[in-house]
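Working notes, structure below.
No lab work stands behind these numbers, since they all come straight from the coordinates. Just so you know, these numbers come straight off a predicted model, no measurement behind them. When we count neighbours, we look across all protein chains shown, and the Cβ atoms used for this are built from the backbone with ideal geometry, even at glycine.
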Amino acid sequence: MNQLYNRRSWSLAFLLLMTITVVAASHYPAGAAPPEATGATKIIPPDTDQLDAIVLSIMDQFHIPGCAVSVFCAEGFEYTGTYGFAQLMPDSIPVNEHSIFATMSVSKAITGTALMGVWDDTGFDLDADVSDYLDFAVIHPTCPDSAVTARKLAAHVSAMPQEPWGCIYGMPLCGCLGEVLDPAGAHYDPDDWADYCPGEGYLYSATNSCLAACLIEHISGQTLPDYSRTRFFEPLGMTGSAWFGDELDPELVAHSYRWDSATETYILASENGPNDFRYPAVGFRTSIHDFSRFTAAVMNGGELGGVRVLDEATVDTMFTPQYFRVTDEDMGFSWFRYHYWSSGPYWSHLGGGGNYSAAMMIHESRDYGVVLLINGGSGGLAILNEIIAFIADVYAPVPEAQSLSLDLAIHPNPFNPRTSLSFEVPTPGVVRLRVFDLRGRLIATLIDGVVEAGQHVASWSGRDREGRDVPSGVYLSRLEAGGEVVRARMTLVR
């Protein structure tokens, strides 16, 4: 398989545009300019050769047929990498920036963001009983006086059924939900509700997003697909995004595949076909081009390239933790606040199922974001962790006068079965040197204690804390000394 490499140099030598196996596209959002040097800080150039090699290694390890990833920063740049194939049968069609993937549960955050758009438009009461806006009642069977509100929907504390049981794909959205949530409905079942009152417990529920969409339709007077298109998709140039598969160009659809270990071949798992009864908790389809523009607009306070789709105060509200004493998760409005590595929290949503995986993540600083789309395999989190570590390393500004003095050298790399990790510390002090896998799990601790000043060498034999051999793959070493942290990647090939 041929590998093509295209490079574009920017003013800070900041970003490399690479094509690996397929075309990888990179561009600035409309109206944006390349980042300029500030003089106060420096940005460490990324090693995208290594990044792309690692992504390909993970794809091979987890049998991922196709993948697209984009990272973007507030300065206005974007790096997009596309890998593998969107369609393998009957013809091999490579992934490109316009290949369309299903996003699974990420759809919930799209719906939640649309609900905030309606709040932006109308100022409806987020804490009012949703029944006030609907043509049916939403009533908890044992807490009839405890209202289900938009805020509770967004934080998954509504106590509603986990799935809208009784709904069938093709039924009108709000009519279906009325049958499930209204005590007068044909499919109302008290046993489907949580055993606590709305606002008193957390349950991640598809019904929350479905009812949020129903609110959108009643308050805006538009269907969710129409509202999404006019409020977000068209203004942001998201021509490859839709809620229903039959609205998409079949030549651009990334089909879903699963790996058959018996025959060592990919098998078509599903088409990008109709939604099921959980629409719009799932169902949103998009390309990496569109997905990055939507996420970047949210990251930038609701604006991208001079086009505003949300008020900045609305985004601030959406990214404010809700019911933090109730939820097991740190929830905003349909966005989760996840912690990854040492780079801090990210406002995010992940999706997986049916062999598709997707993620959109915005660092809490709103300085940079990451989106990911995959059409098979189980390595989505491994790639996501690697991309996050990469962009966090790249983007963290280092004052010119305080450049890192710590370095970590690994040789050989790749290795089998042993490698050496060498470093030098200028003064005596506590040093921690540990090995993690790409899911962030601790594999081994090589050093944890006080060391003398000077050169030190540790070795790792590819075993975990229990002395068991770990499989081939990419691992992350983390060195902490003197208030500094250095990470390095190493590849075990057995």
- request: Give the order of LEU479, LEU268, LEU173 when sorted by the count of other beta carbons within 10 angstrom, beginning with the fewest.
  value: LEU268, LEU173, LEU479
message: Quick check: net charge around ASP125, other residues with Cβ under 12 Å of its Cβ, Lys/Arg +1 and Asp/Glu -1?
response: -2
message: Please give me the summed charge of the neighbours of SER209: other residues whose Cβ is under 10 Å from its Cβ, Lys and Arg +1, Asp and Glu -1.
response: +2
statement: For VAL253, other-chain or 5+-apart residues with amide H closer than 5 Å (H placed, Pro excluded) are ILE100
Lys/Arg +1, Asp/Glu -1 at C-beta; the range 404-492 dipole; positive extreme among LEU446, PHE415, VAL430: PHE415
task: Using packing as a proxy for protection, rank 356-366, 414-424 so that the peptide with the highest average count of other Cβ atoms within 10 Å comes first.
output: 356-366, 414-424
task: Go through 247-253, 446-452, 213-219, 261-267 and give me the packing order, highest mean Cβ count within 10 Å leading.
output: 213-219, 247-253, 446-452, 261-267
- prompt: Around PRO414, what is the net charge, scoring Lys/Arg as +1 and Asp/Glu as -1 over all other residues with Cβ under 14 Å from its Cβ?
  reply: +2
query: What list of ³J(HN,Hα) values in whole Hz, one per residue of the range 460-468 in order, does the Karplus curve 6.51 cos²θ - 1.76 cosθ + 1.60 (θ = phi - 60°) give from phi, with Gly and Pro shown as x?
result: 10, 9, x, 10, 8, 5, 8, x, 8
message: Could you give each residue of the range 489-494 its phi-based ³J(HN,Hα) in whole Hz, using Karplus coefficients 6.51, -1.76, 1.60 with θ = phi - 60°, and x for Gly or Pro?
response: 9, 9, 10, 9, 10, 8
statement: Rounded to one decimal in Å, the inverse mean reciprocal Cα-Cα distance for the range 404-492, i.e. its Kirkwood radius, is 13.1 Å
